[in-house]
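Report on one structure; see the data block that follows.
The values are calculated or read from the model by the stated rules, or taken from the named source; none is laboratory data. Everything numeric here is computed off the predicted structure, so don't read it as measured data. Virtual Cβ from ideal backbone geometry, glycine too; neighbours counted across all protein chains shown. Ligands, DNA and RNA are excluded from the accessible area calculation, which covers all protein heavy atoms including side chains. Shrake-Rupley method; radii C 1.70, N 1.55, O 1.52, S 1.80 Å.
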Amino acid sequence: MPGPPLCTTVIGAFPKPEYLKGVVVDWFTESSHNGSAATKATNDRLGCQQPSEVETLLTRATTEVFEEQAELGVDVVTDGEVRRENYIHYLCRFIDGISFEELTRTGCRPSSQDPEAFAYHTELPTVVGPVSWSGRMALGEEFARNRELCGMPSMLKYTLPGPMTIMGSTARAEGIEERILGRELAILLRDRVGELVAAGCKQIQIDEPLFARRPEMALECGIEWLDTILEEVPEDVFTTVHICCGYPTCMDQQDYLKADGSAYMQLAPALDASRVKAVSLEDAHKPNDLSELLPLFRNKTVVLGCVAVADSRVESQQEIEGRIQQALKYIDRERLVVAPDCGLGFFQDDYRPLLNQKLANMCAAARSV
């Protein structure tokens, strides 16, 4: 007999609807995966739009994302990040000390095996001095607006990038020390998380895919920064760190330079001893040896990626059930959450129906095992 249904969630991004084109830049489509193109396009659009008209469209898109997740049976939902050009730079635009006018050509997403090998090069916003919160946007207010639109507000998750991932998607001017910057960002993010908690947010996710790209740095200081961010979070708030192995550049790309999956094995003991309550891992695109990995998480919930986010092949319900059953051999049922590998922004245009099929199969599998 199956036990209680397993919890399901999504990681963050959904495809932006057609009517948001020209309103919000979308890294997944408009930039051709050239980060500088998305950054420059966003720079051009800011200040050239009517705020009330933009807000009406964003509210409509956010509401539709919530309704879609509810219809598909997703338990812990996100706003689809429809306001964001990408999951990192949206927040960075509200941080003083990060310049979006001064762009620096930089290698991005280094290989964890060869730090000189990068997935791509692009022009990135530049950290030009000490960082501080500008006050131009309040995360608590944004969460409160979304909560009004969401039919299940206690299960609404807010996502924000961690220090290492912010540093991995920005350049540093001469004299900016990496370790000092990381600590400053951790303190800044701790205060933003405090805003979310004060607004009633019970589900908070810190995105740190750079942990997988740079596991040695994660062990040296990244997990310590994560603990700093979460040090004032009360017990009734469920916190997750998301660590995927990296987006490809397009749907169905097979030769993309991903992070080495063995990084999960390196990181697991330290993550298990950290303050975070759950660790979100990629497993569909790049399967792990669950017999070795999952027993390393003695205390944490594991959010297991069971649906690939850049593969047009739709995983069947039975296939997902099989992977969940494998996982349950090595982790307690109450500590397993079922999710996609990462954000779902690649499912644009003709691929859009596949998103619904994948999530429907994922949720059905989680209910049936």
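In a strand (DSSP E or B), touching a residue at least 60 places away in the same chain (Cβ under 8 Å) and of a type outside the set (D, E, K, R): does that describe Thr240? Spell out the reasoning first.
Numbers: in a strand (DSSP E or B): yes; touching a residue at least 60 places away in the same chain (Cβ under 8 Å): yes; of a type outside the set (D, E, K, R): yes.
Against the criterion (in a strand (DSSP E or B), touching a residue at least 60 places away in the same chain (Cβ under 8 Å) and of a type outside the set (D, E, K, R)), Thr240 qualifies.
Based on what the data block shows, is Asp283 among the charged types (D, E, K, R), touching a Lys or Arg at 6+ places or on another chain (Cβ under 9 Å) and closer than 16 Å to Arg335 by Cβ?
Values: among the charged types (D, E, K, R): yes; touching a Lys or Arg at 6+ places or on another chain (Cβ under 9 Å): yes; closer than 16 Å to Arg335 by Cβ: yes.
The answer is yes for Asp283.
Would you point out which residue out of Leu160, Leu181 is surrounded by 18 or more Cβ atoms within 10 Å (Cβ to Cβ) and in a helix (DSSP H, G or I)? Spell out how you get there, then give the answer.
On the way: Leu160 fails: in a helix (DSSP H, G or I).
Within the list Leu160, Leu181, the selection yields Leu181.
Only one of Val193, Val128 is of a type outside the set (Lys, Arg), under 20 Å from Val276 (Cα atoms) and either outside any strand (DSSP E or B) or over 17 Å from the mean Cα position of the chain (by Cα) (or both); which?
Working: Val128 fails: under 20 Å from Val276 (Cα atoms).
Sole residue among the options that is of a type outside the set (Lys, Arg), under 20 Å from Val276 (Cα atoms) and either outside any strand (DSSP E or B) or over 17 Å from the mean Cα position of the chain (by Cα) (or both): Val193.
State all residues of region 323-369 that are among the small types (Gly, Ala, Ser) and closer than 17 Å to Lys286 by Cβ; if no residue qualifies, say none.
Start the filter on region 323-369 by keeping residues that are among the small types (Gly, Ala, Ser), which leaves 327, 339, 343, 345, 360, 364-366, 368.
Answer for region 323-369, where residues must be among the small types (Gly, Ala, Ser) and closer than 17 Å to Lys286 by Cβ: Ala327, Ala339, Gly343.
Exactly one of these conditions fails for Arg313: (1) part of a loop (DSSP other than H, G, I, E, B); (2) farther than 20 Å from Ala70 by Cα; (3) in contact with a Pro (Cβ under 9 Å, 6 or more places away or on another chain). Give me its number.
(3)
Pick from region 308-318 the residues that are of a type in the set (D, E, K, R) and surrounded by 15 or more Cβ atoms within 10 Å (Cβ to Cβ): which of them is nearest to Met251 (Cα to Cα)?
Step one: filter region 308-318 for residues of a type in the set (D, E, K, R), giving 311, 313, 315.
Next, only the ones that are surrounded by 15 or more Cβ atoms within 10 Å (Cβ to Cβ) stay: 311, 315.
Details: Asp311: 6, Glu315: 15 Å.
Selected residue: Asp311.
Looking at (1) assigned to a loop (DSSP other than H, G, I, E, B); (2) among the acidic types (Asp, Glu); (3) free of Cβ contacts under 8 Å to residues at least 60 places away in the same chain, can you tell me which one Glu321 breaks?
(1)
Go through (1) in contact with a Leu (Cβ under 9 Å, 6 or more places away or on another chain); (2) hydrophobic (A, V, I, L, M, F, W, C); (3) at pLDDT 95 or above and name the single condition Cys221 misses.
It is condition (1) that Cys221 fails.
Gly140 - would you say it is surrounded by fewer than 20 Cβ atoms within 10 Å (Cβ to Cβ) and modelled with pLDDT of 95 or more?
On the way: surrounded by fewer than 20 Cβ atoms within 10 Å (Cβ to Cβ): yes; modelled with pLDDT of 95 or more: yes.
So Gly140 fits the description; yes.
When you look at Thr228, is it open to solvent by less than 30 Å² (accessible area, probe 1.4 Å), under 13 Å from the mean Cα position of the chain (by Cα), at pLDDT 95 or above and of a type in the set (Ser, Thr, Tyr), yes or no?
Details: open to solvent by less than 30 Å² (accessible area, probe 1.4 Å): yes; under 13 Å from the mean Cα position of the chain (by Cα): no; at pLDDT 95 or above: yes; of a type in the set (Ser, Thr, Tyr): yes.
Against the criterion (open to solvent by less than 30 Å² (accessible area, probe 1.4 Å), under 13 Å from the mean Cα position of the chain (by Cα), at pLDDT 95 or above and of a type in the set (Ser, Thr, Tyr)), Thr228 does not qualify.
Are any of the residues in region 292-301 in a strand (DSSP E or B) and either open to solvent by less than 10 Å² (accessible area, probe 1.4 Å) or at pLDDT 95 or above (or both)?
So the first thing to find is which residues in region 292-301 are in a strand (DSSP E or B), and the list is 301.
If we keep only those that are either open to solvent by less than 10 Å² (accessible area, probe 1.4 Å) or at pLDDT 95 or above (or both) as well, we get 301.
Taking every residue of region 292-301 in turn, at least one turns out to be in a strand (DSSP E or B) and either open to solvent by less than 10 Å² (accessible area, probe 1.4 Å) or at pLDDT 95 or above (or both).
When region 322-350 is examined, which residues are found to be among the β-branched types (Val, Ile, Thr) and under 18 Å from the mean Cα position of the chain (by Cα)? Show your work before the answer.
Taking region 322-350 and keeping what is among the β-branched types (Val, Ile, Thr), we get 324, 331, 337-338.
Those that are among the β-branched types (Val, Ile, Thr) and under 18 Å from the mean Cα position of the chain (by Cα): Val337, Val338.
Specify which of the listed residues (Asp252, Asp260) is part of a loop (DSSP other than H, G, I, E, B), on the phi > 0 side of the Ramachandran plot and in contact (Cβ under 8 Å) with a residue 60 or more places away in the chain.
Numbers: Asp260 fails: on the phi > 0 side of the Ramachandran plot.
Matching residue, one of Asp252, Asp260: Asp252.
Is it the case that some residue within region 279-289 is open to solvent by less than 10 Å² (accessible area, probe 1.4 Å), farther than 13 Å from Ile11 by Cβ and either among the aliphatic types (A, V, I, L, M) or at pLDDT 95 or above (or both)? Show your work before the answer.
Within region 279-289, the first condition is being open to solvent by less than 10 Å² (accessible area, probe 1.4 Å), and the residues that meet it are 279-283.
Checking which are farther than 13 Å from Ile11 by Cβ leaves us with none.
No, region 279-289 contains no residue that is open to solvent by less than 10 Å² (accessible area, probe 1.4 Å), farther than 13 Å from Ile11 by Cβ and either among the aliphatic types (A, V, I, L, M) or at pLDDT 95 or above (or both).
So in region 3-32, with the set limited to residues that are among the β-branched types (Val, Ile, Thr) and in contact with a helix residue (DSSP H, G or I) (Cβ under 6 Å, 6 or more places away or on another chain), which one is surrounded by the fewest Cβ atoms within 10 Å (Cβ to Cβ)? It would help to see each step written out before you state the result.
Initial filter on region 3-32 (among the β-branched types (Val, Ile, Thr)): 8-11, 23-25, 29.
Okay, now just the ones that are also in contact with a helix residue (DSSP H, G or I) (Cβ under 6 Å, 6 or more places away or on another chain), so 8, 23, 25.
Working: Thr8: 25, Val23: 18, Val25: 25.
So the residue we want is Val23.
Could you tell me whether region 200-216 includes any residue that is surrounded by fewer than 19 Cβ atoms within 10 Å (Cβ to Cβ) and among the aliphatic types (A, V, I, L, M)? First the steps, then the outcome.
Let us first name the residues in region 200-216 that are surrounded by fewer than 19 Cβ atoms within 10 Å (Cβ to Cβ), namely 200, 202, 216.
Next, only the ones that are among the aliphatic types (A, V, I, L, M) stay: none.
No, that holds for no residue.
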